[in-house]
Every structure is written in C-alpha cells, then in structure tokens.
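All remarks here apply to the structure that follows.
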Amino acid sequence: MTVTKCLVIAASTLGLCLLASGCVYRINISQGNFLESKTVDQVTIGMTRSQVRYLLGTPMVADSFHPDRWDYLYYFKTGKTQKVDRQLIILFFAEDKLIRIEKPTGTFRDPTIPAATGA
C-alpha cells in the first residue's frame, strides 16, 4: 500500500468520524421536584409538614442528619446546548411547623418545561 493511499484512507476515516459526531442526539435531562411559582407562593410560615407535602410533594433530599430541613431541588439540562436550569428551595421546620423558607433571591421563576416526546 502506498503512502498516498494510506493518507487518503486516514483522511476519509477522520472526515466520516467528524460528520458522524454531529449526528448524536442528546436527550433532555429532568430531575427533581418540578415546582411552579404559583404553588411555591402558597407555602407560608406556620404550615404543617403534611400541608407542605400536599402542596409541593415529597422533598427531593431527605437528610437524616437534619430531619427538620427539606430540600426541593429541580435540575433540567437541555440536550446539546449545555443550558442548565436549577431551582432550589429549602424549608426549615420546628415542632412540625414551617419556620423559614429559603429560595432564590427575587421572585421564584417557573422552571423550563420539558418538551413532550412523540410516541
């Protein structure tokens, strides 16, 4: 085999690999508690754990070292774009009552809604 023929095969293989790498489909990744701002705004100081669980659902992170702290985390990554949407709300309880809410500064914004996939 000549050197020219080897270079042509190597260049062709490299070109095909580069073309094929652009065709990879990356799915959207959605994890955690999907919370809307209208639901989060309904949570108020003094609510019981069961009332909060009814509104927001079961917390994403249940820390056995801090049983009076509930973390609601939402993570959404859009396919190839590397765009990440994160939302974190932390609730603190004392004697089965909500005493403090930590959420992002400003108003809570609705997370990105995942696109429906066709069946």
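Bear in mind these aren't lab numbers, they're just calculated from the coordinates by the rules spelled out. Computed from a predicted structure; not experimentally measured. Methodologically, a virtual Cβ is constructed for each residue, glycine included, from the backbone with ideal geometry; neighbour enumeration extends over all protein chains shown.
Within region 1-103, the GluC sites (Glu not before Pro) that combine a DSSP coil assignment with at most 15 other C-beta atoms in a 10 angstrom radius are Glu36, Glu95.
The alpha carbons of region 27-113 give a radius of gyration and a Dmax of 13.6, 46 Å, in that order.
The relative contact order of region 27-113, computed from alpha carbon pairs under 8 Å that lie at least 6 residues apart in sequence, is 33 percent.
Along each principal axis, taking the top coordinate minus the bottom one, the Cα set of region 1-73 gives 81, 30, 14 Å in descending order. Applying a DSSP loop filter and a limit of 10 other Cβ atoms within 10 Å to the chymotrypsin sites (Phe, Trp or Tyr not before Pro) in region 26-80 leaves Phe65.
Of the trypsin sites (Lys or Arg not before Pro) found in region 68-101, none is in coil by DSSP with at most 14 other Cβ atoms within 10 Å of its Cβ. With R₀ set to 25 Å, the beta-carbon distance separating Ala62 from Lys38 gives a calculated FRET efficiency near 0.50.
I'd like to know which of Gln87, Ile29, Thr58 lies farthest towards the positive end of the charge dipole of region 27-113, counting +1 on Cβ of Lys and Arg and -1 on Cβ of Asp and Glu. Of Gln87, Ile29, Thr58, it is Ile29.
Efficiency by 1/(1 + (r/R0)^6): what FRET value for Arg86 and Ser50, r their Cβ-Cβ distance, R0 = 30 Å, to the nearest 0.05? Once the sixth-power term is evaluated, E becomes 0.65.
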